[in-house]
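Visitor: Dropping a structure here in structure tokens format, bear with me for questions.
Taken together, the values in this text are just the output of simple stated rules run on the coordinates, not laboratory data. Keep in mind it's a predicted model, so treat the numbers as computed, not measured. Ideal geometry is used to build each Cβ from the backbone, glycine not excepted, and the neighbour counts take in all protein chains shown.
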Amino acid sequence: MKLEDTLIVVADLGELKVYKPVKHEAIVNGGHDLKISWSLELLTDLDYIATHKKISDIVSDKAGNFKGVNVEDNKVEDEIEKRTLKDVAADIESVVEHEKPKKLFLAFPKEMHPSLMEELSAETKAIITKNLQADLVKEDKNKLLAHFTA
């Protein structure tokens, strides 16, 4: 598989990682065969702190006392998710604009995947060649490529 000019983006609402595949060539079998392997170089690792906080850390009543979660708190949670999703999409767009890959492999959790796709530009969507609905942010980078090449 040709991975030149490819970026791999794995993200969720808490973190975004961007990898660039690096090609390694070695002569094996007494100089008769060329072995090609790939490793991943981490280009970007961003954390989205707001989604890690509890609502009670963000919102309190007038006296500064924290209340239990209510309907308004759920609206705040939804708004934080929407804003973070927009931030993730904007960061993906920024990386694509800066790196100018010809192919993009993307992994994002199933629950929010359609919403992320709505936020991405047509230009970015056009270069997505592997699009996984999976949370691979915590996956070992040495195993990550196998998810996209399987």
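Visitor: Beyond a 28 Å Cα-Cα separation, which of these cross-linked pairs lie in this structure: LYS75/LYS130; LYS82/LYS138; LYS103/LYS141; LYS75/LYS141; LYS35/LYS110?
Guide: Distance filter (> 28 Å) returns LYS75/LYS130; LYS75/LYS141; LYS35/LYS110.
Visitor: With r defined as the distance between the Cβ atoms of ILE49 and ASP5 and R0 fixed at 30 Å, what FRET efficiency is calculated, to the nearest 0.05?
Guide: 0.40
Visitor: Based on the mean of other beta carbon atoms within 10 Å per residue, what is the order of 131-144, 86-99, 25-38, most packed first?
Guide: Sorting 131-144, 86-99, 25-38 by mean packing, highest first, produces 86-99, 131-144, 25-38.
Visitor: Let me ask something additional. Using a basic spin-label model with each label point 7 Å from the Cα along Cα→Cβ, how many nm lie between VAL76 and SER94?
Guide: 2.6 nm
Visitor: Using the Kirkwood radius over C-alpha pairs as Rh, can you work out the diffusion coefficient of region 88-150 via Stokes-Einstein at 20 °C, viscosity 1.002 mPa s, in µm² per second?
Guide: Taking Rh from Cα pairs, D becomes 174 µm²/s.
Visitor: Where does each of 6-19, 110-123 land if you order them by average Cβ count within 10 Å, highest first?
Guide: My ranking of the peptides, most packed first, is 6-19, 110-123.
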